[in-house]
Amino acid sequence: MDTERTSPRPLLREALEACGHRYTPQRAAVYRYLANVTTHPTADEIFTAARADIPDLSLATVYKALEAFVEAGLARKLALGDGPARYDGRTDEHDHARCLKCGRVMDVHGPHDPGLVQGLVPGDGFEVLDYHLELVGYCPSCRS
Ligand code: ZN
Ligand code: MN
């Protein structure tokens with residue numbers, strides 16, 4: 001099987017190797033899944049989905065792949081609420097909204113503007129550079 005040809009992105013190998021990480025067909029499958037969903041899946045969810053492509057995939061391999069992607073700037077790790085970490089294949093700066101009932105995490109559409117928090121004063125001498133915003137509420141399914 002030509003794994004290069006089925007790679008989700010020709011630059012995946014290059015980006016991983018630039019950070020000293022190995023490119024493997026397993027990692028390509030994990031990345032292919034993550035890059036094509038907007039659900040901000042947990043490592044468990046990615047493992048369950050990507051195992052359909054690669055039957056000998058292990059959860060530990062998924063965790064290592066995800067850490068490599070984050071280090072290589074190919075994915076973001078999100079710590080939202082008190083659940084397990086979620087992963088985002090979208091790496092540009094953007095904020096998230098989390099449903100308090102089902103846990104669904106959605107992208108917030110709109111500008112990420114550091115000026116938005118200018119009036120907030122965290123304490124004497126603290127210089128604010130940026131913020132991480134998490135909107136909480138109920139998703140369309142849980143509202144009805
Ligand atoms: Zn919901
Ligand atoms: Mn996102």
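Quickly run through segment 75-84 and pick out the residues that are part of a loop (DSSP other than H, G, I, E, B) and modelled with pLDDT of 95 or more.
Result: ALA75, single match.
Would you point out which residue out of ASP124, ASP113 is open to solvent by 30 Å² or more (accessible area, probe 1.4 Å) and within 30 Å of CYS142 (Cβ to Cβ)?
ASP113
Quick one: would you say THR39 is open to solvent by 50 Å² or more (accessible area, probe 1.4 Å), within 16 Å of ligand 1 (Cβ to nearest atom) and either of a type in the set (Gly, Ala, Ser) or outside the structural domain of CYS139 (by TED's automatic domain parsing) (or both)?
yes
For LYS101, which of the numbered conditions (1) away from ligand 1 (no atom under 16 Å from the Cβ); (2) assigned to a loop (DSSP other than H, G, I, E, B); (3) open to solvent by 60 Å² or more (accessible area, probe 1.4 Å) fails to hold?
So LYS101 meets the others, but not (1).
For GLY81, which of the numbered conditions (1) surrounded by 15 or more Cβ atoms within 10 Å (Cβ to Cβ); (2) under 24 Å from PRO140 (Cα atoms); (3) not assigned by TED's automatic domain parsing to the domain that holds GLU134 fails to hold?
Condition not satisfied by GLY81: (1).
If I ask for residues that are buried (at least 17 other Cβ atoms within 10 Å of the Cβ) and outside any helix (DSSP H, G or I), which ones from segment 55-73 would you list?
The answer is LEU57, ALA72.
Do we find that TYR23 is more than 15 Å from ligand 2 (Cβ to nearest atom), among the hydroxyl-bearing types (Ser, Thr, Tyr), part of a loop (DSSP other than H, G, I, E, B) and not assigned by TED's automatic domain parsing to the domain that holds GLU134 in this structure?
Answer is yes for this residue.
The values are calculated or read from the model by the stated rules, or taken from the named source; none is laboratory data. Values in this document were obtained by computation on a predicted structure and should not be read as measured data. FYI the Cβ positions are ideal-geometry reconstructions off the backbone, even for glycines, and counts take in every protein chain you see. All accessible areas refer to the heavy atoms of the entire protein, side chains included, with ligands and DNA or RNA removed. Shrake-Rupley method; radii C 1.70, N 1.55, O 1.52, S 1.80 Å.
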